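Written below as structure tokens is the structure these notes are about.
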Amino acid sequence: MWIMVSGPYTAGGAGTAERAANLRAMNEAALALHRMGHVPVIGVNMALPVIEAGGGFDEVMMPLSLALAERYDACLRIGGASRGGDEEAERFRAAGKPVFRVIEEVPAP
């Protein structure tokens with residue numbers, strides 16, 4: 001499957017270190033999907049080079065991510081609160097495509 005990894009990037013006014021950690025979590029999830037034989041994509045990874053080239057954050061980030069959502073088979077929603085991540089996941093649901101969530105294991109007492 002072609003799967004979009006969706007999660008927080010700038011949520012909650014994340015600073016540079018938090019954004020890097022959020023992106024790393026999405027990249028790690030993408031690597032796990034790749035190792036399972038899927039083709040992962042992360043909207044942030046597609047948008048950041050375009051923004052760096054001179055596109056405005058608001059002009060590029062969510063419009064590009066949501067356009068990608070139209071092309072993929074499913075969404076893997078990771079992490080906590082994220083308006084953008086929720087918008088991406090909702091785009092999949094509205095199209096009748098699956099949205100998967102990572103369920104963290106709770107250690108046994």
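Considering only residues that are among the basic types (Lys, Arg) and surrounded by fewer than 13 Cβ atoms within 10 Å (Cβ to Cβ), look in region 1-39 and name the one that is nearest to Asp58 (Cα to Cα).
Of everything passing the filter in region 1-39, Arg24 is nearest to Asp58 (Cα to Cα).
So which pairs qualify, if the first residue must be in region 35-62 and without any contact (Cβ under 8 Å) to a residue 12 or more places away in the chain, the second must be surrounded by 14 or more Cβ atoms within 10 Å (Cβ to Cβ) and part of a helix (DSSP H, G or I), the Cβ gap must be under 6 Å, and the two must be at least 6 apart or on different chains?
If the second residue must be surrounded by 14 or more Cβ atoms within 10 Å (Cβ to Cβ) and part of a helix (DSSP H, G or I), the pairs left are Ile51/Val60; Phe57/Ile51.
Do you know which residues across region 66-86 are part of a helix (DSSP H, G or I) and touching a residue at least 60 places away in the same chain (Cβ under 8 Å)?
Matches in region 66-86: Leu68, Ala69, Arg83, Gly84, Gly85.
Looking only at region 40-51, filter to residues that are among the β-branched types (Val, Ile, Thr) and closer than 14 Å to Ala69 by Cβ; which one of those is surrounded by the fewest Cβ atoms within 10 Å (Cβ to Cβ)?
Checking each candidate, the answer is Val41.
Quick note: the coordinates plus some simple rules give every number you see, no bench work behind them. What you see is a predicted model; the values in this text were computed from it and never measured. Here the Cβ is made from the backbone with ideal geometry for all residues, glycine too, and neighbour counts use every protein chain on show.
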